[in-house]
1. Got a sec? Which residues in the stretch 28-56 would a label at N75 touch, if it sits 7 Å along Cα→Cβ and we count backbone N under 17 Å?
2. Match the structure shown to one of the listed values (1) 12.6; (2) 15.2; (3) 13.0 of Kirkwood radius over Cα pairs in Å, computed from it, and give that label.
3. Quick check: at a probe of 1.4 Å, how many percent of the accessible area of the chain sits on carbon and sulfur atoms?
4. Counting heavy atoms of the protein chains only and a 1.4 Å probe, report the per residue accessible area for the chain as a whole number of Å².
5. As a check on your grasp of the helix formula, calculate [θ] at 222 nm for the chain: sum -39500 (n - 2.57) over DSSP H runs of n ≥ 4, divide by the residue count, round to the nearest 500.
Amino acid sequence: MNQRLAALVPLVRTLGNLLSGTEAQAAEVLEVPEVVDRFIELATNHQNRTVVRESCWCLSNITAGSPPQVQMVMNDYDQIK
């Protein structure tokens, strides 16, 4: 496993943990510009199965949140197709 991948897996997992926490914690993560775009990109294009799984978990956690949080994923739906 290269260094970049070794750092990416725990990073995405940590963000997934925050997104599964309180609405305030999720809101903090979602304030990062283009974070939903990056999760979609990783979930649909990454070669590593663990990165894909963790990115999908992040998107799942977002869509389990408040209506505005769900809308953030829906706004980028065309990237998922």
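The values are calculated or read from the model by the stated rules, or taken from the named source; none is laboratory data. A quick note: this is a predicted structure, and the numbers were derived from the prediction, not measured. As a convention, Cβ positions derive from the backbone with ideal geometry for all residues, glycine included, and neighbour counts pool all protein chains shown. The area values use the complete protein model at the heavy-atom level, side chains included, leaving out ligands, DNA and RNA. Shrake-Rupley method; radii C 1.70, N 1.55, O 1.52, S 1.80 Å.
1. 28-41, by backbone N distance to the label point.
2. Correct label, based on the coordinates given: (1).
3. Values: 2840 of 5270 Å².
Carbon and sulfur: 54 percent of the exposed surface of the chain.
4. Numbers: 5270 Å² over 81 residues.
About 65 Å² of surface per residue is accessible.
5. One gets -23500 deg cm²/dmol as the mean residue ellipticity at 222 nm.
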